[in-house]
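No value in this document is a laboratory result; all are computed from the given coordinates. Treat the numbers as computed from the prediction; the structure is a model and nothing was measured. Backbone-built Cβ (ideal geometry, glycine too); neighbour counts: all protein chains shown.
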Amino acid sequence: MDVIKLSVYSITGDSFCIAAEDGEKVFLQLKKAMDEKLPVELSFLNVEMLTSAFLNTSVGQMYGNFDENEIKSRLSVSDIKDEDKLLLKRVVDTAKTYYKNPSQFEESINKIMAS
């Protein structure tokens, strides 16, 4: 089975991937491939800057739609800078925690914000 290669740069048209709106464009492409049960490679070639807002929307959101094992087995990432790998890992860890129990996560955030 061929791997679908999605270029973040091509989808967003920008090397600065900072806005959640651009992340949504990437998410929709990722979700489409995952819905079709295809293996996907997400390439960050030519991406100069990434933010957690962008990654939360593009990749983190996947954990609300697909099982963690399904994502691990079919989604790979390439051409990402080392410092961005760390950011992506934090986003994924947070997404996994959030989607396991969204109401508890939001309750904790609300408590922190209220103090």
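One table, with the values for the structure above:
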{"quantity": "Stretch gain in nm, segment PHE16-ASP2, where the contour uses 0.36 nm per residue and the Cα spacing is subtracted", "calculated": "2.2 nm"}
{"quantity": "Greater than 20 Å apart at Cα, pairs in LYS72/LYS96; LYS32/LYS72; LYS32/LYS100; LYS32/LYS89", "calculated": "LYS32/LYS100; LYS32/LYS89"}
{"quantity": "Ranked list, fewest to most other Cβ atoms within 10 Å of each Cβ, for PHE54, PHE27", "calculated": "PHE27, PHE54"}
{"quantity": "Set of region 42-85 residues, backbone N closer than 17 Å to the point 7 Å along the Cα-Cβ line of LYS32", "calculated": "42-43, 58-59, 62"}
{"quantity": "Charge dipole magnitude, Cβ of K and R +1, D and E -1 - region 1-97, Cα centre, debye nearest 20", "calculated": "200 debye"}
